[in-house]
Amino acid sequence: MDALKDEIYALNNRMDALTKELHISLNSQRVTGEDIPYKEIQSIDGSFPNQANGARSALPPIHNIMDLHNLTPAELAHYLHGHGLSEDPAATSRDILARAIGCTVFRA
């Protein structure tokens, strides 16, 4: 029975990873997200950023490029942390987050 539970757990993890990649791909096709909103990308802990969890308050959803521009520095830091990302001296934090969610047209 434990082997079955382990297999189901592994399958769920693979499905979550595939869903994340699909949503990133869809977001990249939605350009600015203004006509068709971006899909929300799950954090590395499996939660959705716009839903509060024990570690943090709910973050504003990123439906389009303007939502990304309008994040406060604290919200941006929470998004980066939630996606397992850190700041890169060669790029702005917003650029890093934009790439992580599939926004391909973002310019700081």
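In terms of overall dimensions, the C-alpha atoms belonging to the chain reach 51, 30, 27 Å along their principal axes, ordered largest to smallest. Of the residues A77, A98, A52, the one that moves most in a GNM of the chain with alpha-carbon contacts below 10 Å is A52. Taking the Cα atoms only, what angle lies between the long axis of helix 73-82 and the longest principal axis of the chain, rounded to 10 degrees? Result, in degrees: 30. Segment L4..A77, full-extension length gain: 22.5 nm, with 0.36 nm per residue of separation and the alpha-carbon distance subtracted. On C-alpha positions alone, give me the angle between the axis of helix 2-29 and the longest principal axis of the chain, in degrees, nearest 10. That works out to roughly 20 degrees. Residue separation of S86 and H69 scaled by 0.36 nm, minus their Cα-Cα distance, works out to 4.3 nm of gained length. Qualifying GluC sites (Glu not before Pro) in region 32-108, where qualification requires a DSSP coil assignment and no more than 15 other C-beta atoms within 10 Å, comprise E34, E87.
Show that you can apply the helix-only estimate: for the chain, add -39,500 (n - 2.57) for every DSSP H stretch of four or more residues, divide by all residues, and state [θ] at 222 nm to the nearest 500. One gets -15500 deg cm²/dmol as the mean residue ellipticity at 222 nm. If R0 equals 25 Å, the separation of the Cβ atoms of R107 and N12 corresponds to a calculated FRET efficiency of about 0.10.
Each reported figure results from applying straightforward, stated rules to the coordinates on display, with no laboratory input. What you are looking at is a predicted structure, and each value in this text was computed from that prediction instead of being measured. All Cβ positions, glycine included, derive from the backbone under ideal geometry; neighbour counts span all protein chains shown.
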